[in-house]
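**Q** Supplied in structure tokens, the structure appears directly below.
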There are 2 protein chains.
Amino acid sequence: MLVVQKYGGTSVGSLDRIKAVAEKIASTYKEGNRVVAVVSAMAGETDKLIGLANQLSQNPDEREMDLLLSSGERISAALTAIAIRQVGLKAMSFTGRQVGIITDEVHTRAKIERITAERVKKAVEEGVIPVIAGFQGITEKSDVTTLGRGGSDLTAVAVAAALNADICEIYTDVEGIYTTDPNIVPEARKLEKISYDEMLELASLGAKVLQTRSVEFAKKYNVPVVVRSSFSDNPGTLVMKEDKEMEKVVVSGVAYDKNQAKITVIGVHDKPGIAAKLFNSIAEANIIVDMIVQNVSSDGKSTDISFTVPKVDSKKTLNITKGIVTELGAKSVNLREDIAKVSIVGVGMRTHSGVAAKMFETLARQGINILMISTSEIKVSCVIDAKYTELAVRVLHDAFELGEK
Amino acid sequence: MLVVQKYGGTSVGSLDRIKAVAEKIASTYKEGNRVVAVVSAMAGETDKLIGLANQLSQNPDEREMDLLLSSGERISAALTAIAIRQVGLKAMSFTGRQVGIITDEVHTRAKIERITAERVKKAVEEGVIPVIAGFQGITEKSDVTTLGRGGSDLTAVAVAAALNADICEIYTDVEGIYTTDPNIVPEARKLEKISYDEMLELASLGAKVLQTRSVEFAKKYNVPVVVRSSFSDNPGTLVMKEDKEMEKVVVSGVAYDKNQAKITVIGVHDKPGIAAKLFNSIAEANIIVDMIVQNVSSDGKSTDISFTVPKVDSKKTLNITKGIVTELGAKSVNLREDIAKVSIVGVGMRTHSGVAAKMFETLARQGINILMISTSEIKVSCVIDAKYTELAVRVLHDAFELGEK
């Protein structure tokens, strides 16, 4: 098997942990596999560098930030390669450039345009264990870029795709993907497997184990990804293409997100172009709108529009919206920050009816009022009062029988 | 003027010092100059990284060490660029690769093969202040290399040569080049200027202000170099092509070196090929021999050979020499470590006689015995008992009237 193993910041957080990672890589290699490692910066290192830059400037140049932050992964790649050589195997570090990860020029959150991995392929053929500095790429004109928070996951998946690896293992500090947050529901169960689409819904909803873009990339190139703990030998969760078996499970997990705020525009003119005007103004400020709900017009003349944005952008969004309130013909705008989004996710919803109704009923039975509803093929999300978040997660987890049997 | 300014580790040793460097660069720029900065890693950073590697392996791979250590300069280049932008000027960091510093493949002490500096030239033309990560280059196949201790000096001189800069300023923690070590002779005088050749003799003799290879590079491309303090506005010392005025000064400085050890091989066969055999064996072990003295054969059959090597290599050299002692036909080998080399340097020696005699006489008057003598066109070196080092330096400094007037 050709195995790509990605080790996150806590997995390489100290010299002792780097030695443990080297042992883990060596034992996989000695079992007869070919191994490619991808490493993040040592835990805390990236935040330390960001801290230094912020002491110099409140708004440091993004190209400079990329050069600065990419150093952390280079350091851990070199140290990990040294540690692997120390246990008697051949190892060699590779930077984003040496791997041939070519990105666009959007610094601090660059997108991979292509990946050659020629030198990595050659190294693997020669029995060498390549140790790749994650999180980084390079533009056509040789500027260093970084792939955004969690970007090392994307490096690992992209390398696995380029090498046509059998599996991409993401080693992290949790045992895998759970049916919900075990801190809220102790009976939460580790999933054996989950489809790419379900993982995408869960990740974007706040289950931050795998970077969303790495899941999209894995889906596109059909790379099987395993999320597992670097501190145990447990099997973890396999993220893979949807299969027949998965369809039998109606709901795979319950997610929640407390980082959204809700803005409601009351008494908007009910005519074409109004919603476009509003959301164009918000998009121009680079604010990402998540849910949008427009109520049915009761009088045929005006209606209400509600939407959610990340809490950090809520004040800015409120100001933008207030600025165009007369243009929209609206009466008023209000902001609510004490809300949460609770979602159920599962590919089985496609073939099972009554799932949403069961969710609403379960919440209603606890007296939890639903402020907004949004659905996709494999997800139902409800915005509720923030104080009911934990209660809602628990009762939904129970209602859909997700706990340990 | 086009000015290349190099800032060493102590000059960028903290965020406050980086801010001070940014101010210095900005004021040079605002005086109407174009400025290119070259920075070292923040003081202590390189040693910290070496420490990490050594905890993993006693003999870490040199290619990995280069990737590891080059990170330090990348971090300070990014931070310095951010600091310069913060004072309102345009700045942009460049790595060794982005500068186009192509080296050979000898990791940890690579030699520059060529330098293009295309992007740096373009940046300068556009009014941008390039901030270059010192100490590093890249091989033809894109592996990161480093240029050895003090390699950022070489980066600065090479960039100055490539850009045809008017001056290369090396900012450090001393005020310039002195006639001798001011810690030994308080009257030591800062030199206004010194020739490349004199500087080479002084540098290789232990006056470690400028990396030797950077001086050779500066000489080859005739780059005027100024060594000055980053903590004052004093003019420093200009290292430049020899001129008429310099020839009038017989001795420019007195240097000393306590890091050599002396090995004597007694009773060697006095026939061709013996010296070659001895020094080939030592060279094969990558040990650099400094002085070599062979006494005149008294009986026509055997002679003694003395030579000096760096103290760190003395035991190894002794073993190698002992291993071939019968081949050499020698009677015995002995090692002395309690020695020092004291030298006088000056281009004026070429046109003045009696300089060496005056040195020997000065030492003799103090009862200092000379163990070995070696001379070049612009230098006379004597090996003496280590305990007389300071005394010898003081009396020579005085005899050649080098102190403040």
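The values are calculated or read from the model by the stated rules, or taken from the named source; none is laboratory data. Keep in mind that what you see is a predicted model, and the values were worked out from it rather than measured. When we count neighbours, we look across all protein chains shown, and the Cβ atoms used for this are built from the backbone with ideal geometry, even at glycine.
**Q** Within region B:66-88, count every residue that is over 13 Å from B:Ala37 (Cα atoms), more than 7 Å from every other protein chain (Cβ to nearest Cβ) and either surrounded by fewer than 21 Cβ atoms within 10 Å (Cβ to Cβ) or over 25 Å from the mean Cα position of the chain (by Cα) (or both).
**A** Residues in region B:66-88 being over 13 Å from B:Ala37 (Cα atoms), more than 7 Å from every other protein chain (Cβ to nearest Cβ) and either surrounded by fewer than 21 Cβ atoms within 10 Å (Cβ to Cβ) or over 25 Å from the mean Cα position of the chain (by Cα) (or both): 2 in total.
**Q** Could you run through region A:106-133 and say how many residues are surrounded by fewer than 24 Cβ atoms within 10 Å (Cβ to Cβ), β-branched (Val, Ile, Thr) and touching a Ser or Thr at 6+ places or on another chain (Cβ under 7 Å)?
**A** 2
**Q** So if I check each of B:Glu31, B:Glu45, B:Glu62, which one is more than 10 Å from chain A (Cβ to nearest Cβ) and over 29 Å from A:Ala78 (Cβ atoms)?
**A** B:Glu31
**Q** Where in region B:203-304 are the helices (runs of 4 or more DSSP H), entirely inside, with at least 1 residues that are under 27 Å from B:Val185 (Cα atoms)?
**A** B:212-221, B:244-247
**Q** Give the number of residues within region B:387-401 that are over 22 Å from the mean Cα position of the chain (by Cα) and surrounded by 14 or more Cβ atoms within 10 Å (Cβ to Cβ).
**A** Residues in region B:387-401 being over 22 Å from the mean Cα position of the chain (by Cα) and surrounded by 14 or more Cβ atoms within 10 Å (Cβ to Cβ): 9 in total.
**Q** Hey, any hits in region A:310-330 for a residue that's crowded, with 18+ Cβ neighbours inside 10 Å and assigned to a strand (DSSP E or B)?
**A** Among the residues of region A:310-330, not one is crowded, with 18+ Cβ neighbours inside 10 Å and assigned to a strand (DSSP E or B), which makes the answer no.
**Q** I'm trying to understand the selection: among the residues of region B:194-228, which are hydroxyl-bearing (Ser, Thr, Tyr) and either touching a Gly at 6+ places or on another chain (Cβ under 6 Å) or crowded, with 16+ Cβ neighbours inside 10 Å (or both)?
**A** Kept after step one, since they are hydroxyl-bearing (Ser, Thr, Tyr), are these residues of region B:194-228: B:195-196, B:204, B:212, B:214, B:221.
Residues satisfying the conditions are B:Ser195, B:Tyr196, B:Ser204, B:Thr212, B:Ser214.
**Q** Would you check which residues across region A:31-55 are of a type in the set (Val, Ile, Thr), part of a helix (DSSP H, G or I) and over 14 Å from B:Leu15 (Cα atoms) and list them?
**A** A:Thr46
**Q** Quick one: in region A:1-47, which of the residues that are among the small types (Gly, Ala, Ser) and in contact with a Gly (Cβ under 7 Å, 6 or more places away or on another chain) is surrounded by the fewest Cβ atoms within 10 Å (Cβ to Cβ)?
**A** A:Ala43
**Q** Considering only region A:1-28, how many residues are part of a helix (DSSP H, G or I) and either in contact with a helix residue (DSSP H, G or I) (Cβ under 7 Å, 6 or more places away or on another chain) or modelled with pLDDT under 95 (or both)?
**A** Final tally of qualifying residues: 7.
**Q** Let me spell it out: the conditions are (1) more than 30 Å from B:Ser195 (Cβ to Cβ); (2) touching a Leu at 6+ places or on another chain (Cβ under 9 Å); (3) aliphatic (A, V, I, L, M), and B:Val296 meets all of them except one. Which number is the exception?
**A** (2)
**Q** Now for a different question. Which residue pairs have Cβ atoms closer than 6 Å, lie 6 or more positions apart in sequence or on different chains, and pair a first residue in region A:302-316 that is more than 13 Å from A:Phe279 (Cβ to Cβ) with a second residue that is of a type in the set (Val, Ile, Thr) and outside any strand (DSSP E or B)?
**A** A:Asp313/A:Ile287
**Q** Over 17 Å from A:Ser230 (Cβ atoms), assigned to a loop (DSSP other than H, G, I, E, B) and not β-branched (Val, Ile, Thr), is that true of A:Gln58?
**A** Working: over 17 Å from A:Ser230 (Cβ atoms): yes; assigned to a loop (DSSP other than H, G, I, E, B): yes; not β-branched (Val, Ile, Thr): yes.
Spelling it out, A:Gln58 is indeed over 17 Å from A:Ser230 (Cβ atoms), assigned to a loop (DSSP other than H, G, I, E, B) and not β-branched (Val, Ile, Thr).
**Q** Can you run down the residue pairs with Cβ atoms below 7 Å, 6 or more apart or on separate chains, where the first is in region A:257-286 and closer than 16 Å to A:Leu335 by Cα and the partner is among the aromatic types (Phe, Trp, Tyr)?
**A** A:Ile263/A:Phe307
Okay, residues lined up against (1) in a helix (DSSP H, G or I); (2) modelled with pLDDT under 95; (3) on the phi < 0 side of the Ramachandran plot:
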| site | (1), (2), (3) |
| --- | --- |
| B:Asn334 | no, yes, yes |
| B:Ile373 | no, yes, yes |
| B:Ile384 | no, no, yes |
| B:Arg394 | yes, no, yes |
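**Q** Further, regarding this structure: Among B:Thr95, B:Thr103, which is more than 10 Å from chain A (Cβ to nearest Cβ), in contact (Cβ under 8 Å) with a residue 24 or more places away in the chain and crowded, with 21+ Cβ neighbours inside 10 Å?
**A** When all the criteria are applied, what remains is B:Thr103.
**Q** Related question: Kindly establish whether A:Ile344 is over 30 Å from A:Lys244 (Cα atoms), buried (at least 19 other Cβ atoms within 10 Å of the Cβ), among the β-branched types (Val, Ile, Thr) and in contact (Cβ under 8 Å) with a residue 60 or more places away in the chain.
**A** In short, no.
**Q** A further question follows. Which condition from (1) touching a residue at least 60 places away in the same chain (Cβ under 8 Å); (2) within 12 Å of chain B (Cβ to nearest Cβ); (3) under 20 Å from A:Leu147 (Cα atoms) is the one that A:Ser40 breaks?
**A** Only one criterion is unmet by A:Ser40, namely (2).
**Q** Restricting to region B:134-164, count the residues that are surrounded by 24 or more Cβ atoms within 10 Å (Cβ to Cβ) and over 27 Å from B:Asp47 (Cα atoms).
**A** 1
**Q** Checking A:Ile194 against (1) aliphatic (A, V, I, L, M); (2) farther than 22 Å from A:Glu390 by Cα; (3) over 16 Å from the mean Cα position of the chain (by Cα), only one condition comes out false. Which one?
**A** Every condition holds for A:Ile194 apart from (3).
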